[in-house]
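Structure, as structure tokens:
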Amino acid sequence: MAVNIAFKGNVGKDPETHTFNNGNTVTTFSVGVSQGYYDQQRQWVDQGTMWVTVECSPAASHELPWVHKGSKVLVTGLLSQRFYTRKDGTQGSELRVYAQALGFLHRKDDQPPASGFAGADRGQSQPQASGADPWGGAGRADGFGEPDF
């Protein structure tokens, strides 16, 4: 059974494309997701950053030219956990999302992105709310309890 997930965060490094011996390619990048909560005084209590490796599907890869270190993104896709052995012999694991769609979020001082949300192709963008905020002013009232980036 697949676990579908949607999350927002900041791109930690520019996308990297790897080519395999059979000619297939895979493009990945990391996204840092703030972890924490607001206390009773409405102060953010930081609990560190969770890093997620994003692997792009062909549909989501159309957005890669706009993905850069520091970009704030919304990712939807299939969640998995990969286990591996490090060079020193210890075991490690990573959270990995096979992205089916990428969206771009803007900071308060930035202009809204040119594209809304990438679906299977550019023609399937989600409608945007009127006004300057394409996410309808969700901000901190989105229920996720995350600070503005």
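Nothing in this text is a laboratory measurement; each read-out follows from the coordinates by a stated rule. Predicted model, so just to flag it, every value in this text is computed and none were measured. With ideal geometry, Cβ positions are generated from the backbone for all residues, glycine too; neighbour counts draw on all protein chains shown.
Below, the figures for the structure above:
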item: Rounded if a/c under 1.5, otherwise prolate or oblate - region 10-75, Cα gyration tensor axes; result: prolate
item: In region 1-96, the trypsin sites (Lys or Arg not before Pro) that fall in loop regions by DSSP, at most 14 other Cβ within 10 Å; result: LYS13, ARG42, LYS69, ARG86, LYS87
item: Which of TYR37, TYR98, TYR84 has the fewest Cβ neighbours within 10 Å, and the rest in rising order; result: TYR84, TYR37, TYR98
item: Order of PHE104, PHE20 under a 10 Å beta carbon neighbour criterion, fewest first; result: PHE20, PHE104
